[in-house]
Amino acid sequence: MKLFSALYARVMRWAAHPHAPRYLATLSFAESSFFPIPPDVMLAPMALARRDRAWYYALLTTLASVVGGAAGYLIGYFAFELVEPLIREAGYWERYELAREWFDAWGFWAVFLAGFSPIPYKLFTISAGVIAMNVPLFMLASLIGRGARFFLVAGLMVWGGEPMERSLRLYIDRIGWVVILAAVAGYIIVSNG
């Protein structure tokens with residue numbers, strides 16, 4: 001199936017749009033509090049298309065994600081009763097409970113590690129609000145964890161350059177399906193572990 005190659009071509013066009021940084025920031029904010037698509041799908045092609053601005057894009061993605069995480073925290077703190085049915089309907093309830101378990105076990109480190117986990121980051125931000133996690137620690141963990149992830153993505157694009165872009169275009173569908181399978185496997189391992 002050529003699902004990912006079509007998406008990749010579309011995102012590469014978005015990356016060239018004059019408002020692309022604004023779209024990237026909006027996606028980063030939304031993904032940290034309520035939206036299901038991670039900003040990496042836009043950050044990577046933008047950093048690849050404009051390697052001279054890759055670090056700026058990583059910083060923008062990080063800051064917007066942290067602000068979005070604060071919004072997720074506020075949702076969890078003030079309005080969890082309103083969003084709980086949505087979390088259940090979206091099929092995220094088990095992952096939400098797993099995020100809560102991680103908070104009980106690791107606290108600060110749960111937020112830090114959330115930037116790299118297959119569990120949607122928004123579940124961690126909402127969970128942090130529900131348990132009223134220390135706000136400065138939450139923000140610091142978000143900044144470090146999300147920053148590490150997004151600067152890693154941008155760094156890989158800068159390092160890989162033109163050859164990586166050609167390889168991505170050639171293998172994007174295989175890579176996309178492998179990432180999905182890895183995320184599902186990671187989720188199954190974590191939830192059964």
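The values are calculated or read from the model by the stated rules, or taken from the named source; none is laboratory data. Here the structure is a predicted model, which means the values were calculated and not measured. When we count neighbours, we look across all protein chains shown, and the Cβ atoms used for this are built from the backbone with ideal geometry, even at glycine.
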Residues satisfying the stated conditions in the range 121-139, i.e. surrounded by fewer than 23 Cβ atoms within 10 Å (Cβ to Cβ) and either in contact with a strand residue (DSSP E or B) (Cβ under 8 Å, 6 or more places away or on another chain) or more than 12 Å from Ala70 (Cβ to Cβ) (or both): Val130, Ile131, Ala132, Asn134, Leu137
Residue match in the range 52-63 (condition: more than 15 Å from the chain's Cα centre (by Cα), assigned to a helix (DSSP H, G or I) and crowded, with 19+ Cβ neighbours inside 10 Å): yes
Per-region count, the range 34-64, residues within 16 Å of Gly115 (Cα to Cα) and modelled with pLDDT of 95 or more: 7
Counted residues, the range 64-95 - those being surrounded by fewer than 17 Cβ atoms within 10 Å (Cβ to Cβ) and in contact (Cβ under 8 Å) with a residue 60 or more places away in the chain: 1
Condition broken by Ala105, with the remaining ones in (1) touching a Leu at 6+ places or on another chain (Cβ under 9 Å); (2) surrounded by fewer than 14 Cβ atoms within 10 Å (Cβ to Cβ) satisfied: (1)
